[in-house]
1. Tell me the residue from GLN224, GLN183, GLN246 that is at pLDDT below 95, open to solvent by 50 Å² or more (accessible area, probe 1.4 Å) and of a type outside the set (D, E, K, R), please.
2. Residue pairs, Cβ under 7 Å, 6 or more apart or interchain, first in region 585-597 and part of a strand (DSSP E or B), second within 8 Å of ligand 1 (Cβ to nearest atom). List them.
3. Which one of these is without any contact (Cβ under 8 Å) to a residue 12 or more places away in the chain and under 30 Å from the mean Cα position of the chain (by Cα): THR43, THR63, THR38, THR78?
4. Counting only residues that are outside any loop (DSSP other than H, G, I, E, B) and within 16 Å of ligand 1 (Cβ to nearest atom), which one in region 186-221 is surrounded by the most Cβ atoms within 10 Å (Cβ to Cβ)?
5. Could you list, ordered by first residue, the pairs with Cβ atoms under 7 Å in which the first is in region 610-631 and within 16 Å of ligand 2 (Cβ to nearest atom) and the second is part of a loop (DSSP other than H, G, I, E, B) and acidic (Asp, Glu), at least 6 apart or interchain?
6. Under 6 Å between Cβ atoms, which residue pairs at least 6 apart in sequence (or on different chains) link something in region 652-667 that is closer than 14 Å to GLY598 by Cβ with a partner that is surrounded by 18 or more Cβ atoms within 10 Å (Cβ to Cβ)?
7. It is to be established whether one or more residues within region 335-355 are polar (S, T, N, Q) and assigned to a loop (DSSP other than H, G, I, E, B).
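The values are calculated or read from the model by the stated rules, or taken from the named source; none is laboratory data. Every value quoted in this text rests on a predicted model; they were computed, and no experiment measured them. We place every Cβ from the backbone using ideal geometry, glycine too, and count neighbours over all the protein chains shown. Just the protein is used for accessible areas: all its heavy atoms, side chains included, with ligands, DNA and RNA removed. Shrake-Rupley method; radii C 1.70, N 1.55, O 1.52, S 1.80 Å.
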Amino acid sequence: ADAASSPLLRNLNPEQLAAVTAAAEPALILAGAGSGKTRVLTTRIAWLLNTGQVSPGGVMAVTFTNKAAKEMQTRLATMLPFNVRGMWIGTFHGLCNRFLRAHWKLAHLPQAFQILDASDTTSAVKRVIKAMKLDEERFVPKQVGWFIAGCKEDGQRPGDVVVHDEQTRKLAEIYANYEDQCQREGVVDFAELMLRSYELLRDNPAVREHYQNRFRHILVDEFQDTNKLQYAWLKMFAPPGSAHGQSLLAVGDDDQSIYAFRGARVGNMIDFEREYRVQRVIKLEQNYRSFGHILDAANELISRNSQRLGKTLRTDAGQGEPIRVQESPSDFAEAQWLIEEIQHLHRGGLDRKEIAILYRSNAQSRVIESALFNSGIPYRVYGGLRFFERAEVKHALAYLRLLENANDDTSFLRVVNFPTRGIGAKTLENLQDAAKATGRSLYQSVSAIAGKGGANLLAFTNLIDSTRNLTQGMTLREIIEQVLQTSGLLDFYRTDKDGAERLENLDELVNAAEAFVMQEGFGKNAVGLPVDETAQPGTPGAVPDAETGEIMSPLVAFLTHASLEAGDNQAQAGQDAVQLMTVHSAKGLEFDAVFITGLEEGLFPHENAMSDPNGLEEERRLMYVAITRARKKLSLSFCQTRMLHGQTRYHIKSRFFDELPEDALKWLTPRNQGFGSGFAREYQNAWDRGSGLKGMVGAGRVEKAAWVEPPVPASMKQKVSEEHGGLRVGKGVFHTKFGEGVLLTLEGAGADARAQVNFGRHGTKWLALSVAKLTPID
Ligand code: ATP
Ligand code: MG
């Protein structure tokens with residue numbers, strides 16, 4: 001009775017209340033979007049703590065994205081009277097990193113081990129392939145990287161790989177060499193973070209025992225997206241039927257499972273129910289997020305999927321505004337429309353951070369970004385090419401990493417001759433051979449190289465060593481400034497003709513470090529505090545060593561942060577900014593106004609998924625996630641043409657439009673106008689207004705724009721004419737670049753007319769007749 005009257009619990013419905021205050025036993029919440037799953041999870045943590053059933057150190061909460069983890073911390077901070085930063089709340093990767101930091105010795109890692117981000121991983125794999133003298137066409141580094149990550153996510157080490165042909169035998173060999181290389185360099189990739197912590201727990205009963213004793217309550221959000229390894233990892237902390245009586249709460253929605261392509265298995269929910277003998281699956285059916293039209297659309301769409309566990313969602317909120325649908329002639333026009341919409345919403349009193357622009361693929365953000373930038377609207381991009389992935393920033397980070405760990409060969413190679421120091425490819429090859437022969441790092445092998453090259457190498461390692469000495473005792477900011485100076489990076493970019501922007505980014509790195517220190521409280525209360533984790537700031541880096549209690553230096557913490565986090569830098573921290581992200585990274589979040597852009601066949605649903613029923617169902621779940629992010633206003637948008645890979649492509653609207661309830665939609669543009677007149681008119685208007693399209697043509701891209709490849713299934717094409725300006729299907733044509741060919745198809749009319757031509761040696765191409773010069777022959 002006491003508990004139920006607590007203000008924490010006042011706004012919960014009966015099912016939510018039951019879930020929040022359930023006894024400490026395994027439980028599964030299976031419920032649809034916006035039904036309060038995450039709210040139940042956070043409230044339960046607060047309730048457990050406030051009623052003294054557990055201490056902050058006894059809780060572990062896991063979620064998927066950094067943004068979701070932050071959100072959870074923020075929500076908790078408002079419910080609890082103490083600092084939650086030290087609690088074990090984070091992403092799987094973040095928590096694994098934290099765990100390995102504390103047990104680096106047992107994990108056979110150097111104390112200052114560094115994390116390879118996606119692009120580091122690819123280049124590390126590439127070096128292995130090169131060293132093995134394998135063909136990079138057959139063993140594409142990125143794909144080999146995926147293979148390795150896939151193995152790790154399946155818990156497989158190189159020896160476990162099932163070899164059934166020559167190709168897999170070689171792959172397993174690359175994997176083994178890659179592992180050696182990472183170990184030598186003291187670096188780990190994302191998948192390794194998980195696998196290494198899992199193995200450490202599996203192989204060390206004492207450590208396992210310790211954590212099983214420690215974490216009384218383990219709560220996992222977005223459980224539907226866990227993969228095999230993550231589930232196994234969780235089981236290490238709280239095995240089924242454990243004598244320690246921990247409680248494991250899994251929260252999920254099978255309709256929002258969107259990582260099957262990365263090994264996520266909805267089956268984990270079913271396994272969990274069985275293995276933990278879950279007595280009652282909690283269902284939440286009231287949606288508190290969205291208005292009726294939005295929810296109707298989501299329900300109707302997802303009902304087309306066959307593989308569902310089955311749930312219902314309803315809302316007490318009214319129908320709200322209809323979902324608006326916008327058709328634009330081009331991606332530039334779409335971006336322009338977005339700008340007008342955002343300005344309108346903002347003038348109407350909506351904060352920018354309550355507006356989200358979602359897209360299926362990262363590459364779509366560029367056009368939108370540049371439109372936002374040009375109109376001076378602050379925005380923030382999650383995911384994509386992030387600040388910490390820009391070349392100059394990575395160079396600076398490489399120097400910083402070498403200060404902490406000179407054996408990090410990835411960083412060594414990145415900057416040993418950047419800025420140039422007269423160290424040639426031959427010298428580096430010799431150095432790599434010497435290192436390989438003795439099993440030592442590049443840094444340790446420098447003395448083996450003779451001559452001028454050797455002397456230059458030595459000068460480089462001396463530079464690293466002296467900088468390390470010089471920066472002892474400095475603050476993080478001072479260290480970075482010093483490194484930018486002594487490395488020669490600043491001088492280099494000062495004289496570089498395109499260096500201005502890069503210098504700005506390096507400046508920004510100093511700012512980022514400053515902000516990091518402020519946020520994490522380093523220097524104020526972190527360093528040197530007694531080993532009471534709940535009193536530590538919550539950065540992964542601030543975890544004390546399990547043996548010595550030593551707290552990691554702010555530099556290592558910052559480098560870790562740089563590898564793990566999206567260092568989104570477009571808007572200053574705290575600035576009210578429009579939110580840009582892929583649908584994947586929007587999972588779990590909500591916004592007053594949501595724009596789903598690029599709703600075109602081939603883009604969303606993605607062309608890679610369209611031919612496969614499972615793939616299509618996953619795309620539909622992705623669309624369900626996108627729709628259910630909106631609280632009040634939802635807009636859907638698609639374009640007739642889009643620049644992709646330097647080519648203009650004709651698109652048709654996504655099939656998802658046909659799967660939404662007609663009366664929930666309001667078309668802003670006349671429907672079904674097809675490719676024809678609408679495009680021509682808009683194109684002309686855009687040209688007259690001098691907007692993006694003109695810029696596009698003016699920038700000299702007409703040539704490229706002439707080559708059109710519509711990813712349109714043949715049956716959906718509108719066949720308009722058999723004849724166009726003397727061209728006839730089946731007859732020969734001549735093109736100034738591709739030569740002679742045979743005309744296969746003619747489509748569209750006016751400015752939109754296009755032709756499919758078989759050019760023999762050059763293949764079959766689609767051409768826009770308004771641009772391409774095709775002349776009939778014979
Ligand atoms: P998703 O599946 O998208 O992750 P979810 O099930 O986790 O959604 P929440 O994010 O927890 O849903 O909740 C959705 C919104 O509804 C939040 O704004 C939350 O504060 C609100 N909400 C949840 N429960 C209630 C309630 N009982 N009364 C009022 N608002 C609620
Ligand atoms: Mg949620």
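1. Numbers: GLN224 fails: open to solvent by 50 Å² or more (accessible area, probe 1.4 Å); GLN246 fails: open to solvent by 50 Å² or more (accessible area, probe 1.4 Å).
Of GLN224, GLN183, GLN246, the one residue that is at pLDDT below 95, open to solvent by 50 Å² or more (accessible area, probe 1.4 Å) and of a type outside the set (D, E, K, R) is GLN183.
2. PHE591/ARG629; PHE591/ARG631; ASP592/ARG631; VAL594/ARG629
3. On the way: THR43 fails: without any contact (Cβ under 8 Å) to a residue 12 or more places away in the chain; THR63 fails: without any contact (Cβ under 8 Å) to a residue 12 or more places away in the chain; THR38 fails: without any contact (Cβ under 8 Å) to a residue 12 or more places away in the chain.
One residue alone meets the criteria, THR78.
4. Just the residues of region 186-221 that are outside any loop (DSSP other than H, G, I, E, B), to begin with: 187-188, 190-203, 205-214, 217-220.
With within 16 Å of ligand 1 (Cβ to nearest atom) added as a condition, the list becomes 219-220.
Working: LEU219: 26, VAL220: 24.
Only one residue fits best here, namely LEU219.
5. Matching pairs, first to second residue: ARG629/GLU590; ARG631/GLU590.
6. ILE652/GLU601; ILE652/VAL712; LYS653/PHE638; SER654/LEU599; SER654/GLU600; SER654/GLU601; SER654/PHE604; PHE656/MET623
7. So in region 335-355, the residues polar (S, T, N, Q) come out as 336, 343.
Subset that is assigned to a loop (DSSP other than H, G, I, E, B): none.
Looking for residues that are polar (S, T, N, Q) and assigned to a loop (DSSP other than H, G, I, E, B), one finds none in region 335-355, hence no.
Residue-by-condition table, conditions (1) away from ligand 1 (no atom under 15 Å from the Cβ); (2) more than 28 Å from GLN73 (Cα to Cα); (3) open to solvent by 20 Å² or more (accessible area, probe 1.4 Å):
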| residue | (1), (2), (3) |
| --- | --- |
| PRO239 | yes, no, yes |
| ARG277 | yes, yes, yes |
| ILE282 | no, no, no |
| SER303 | yes, yes, yes |
| GLN307 | yes, yes, yes |
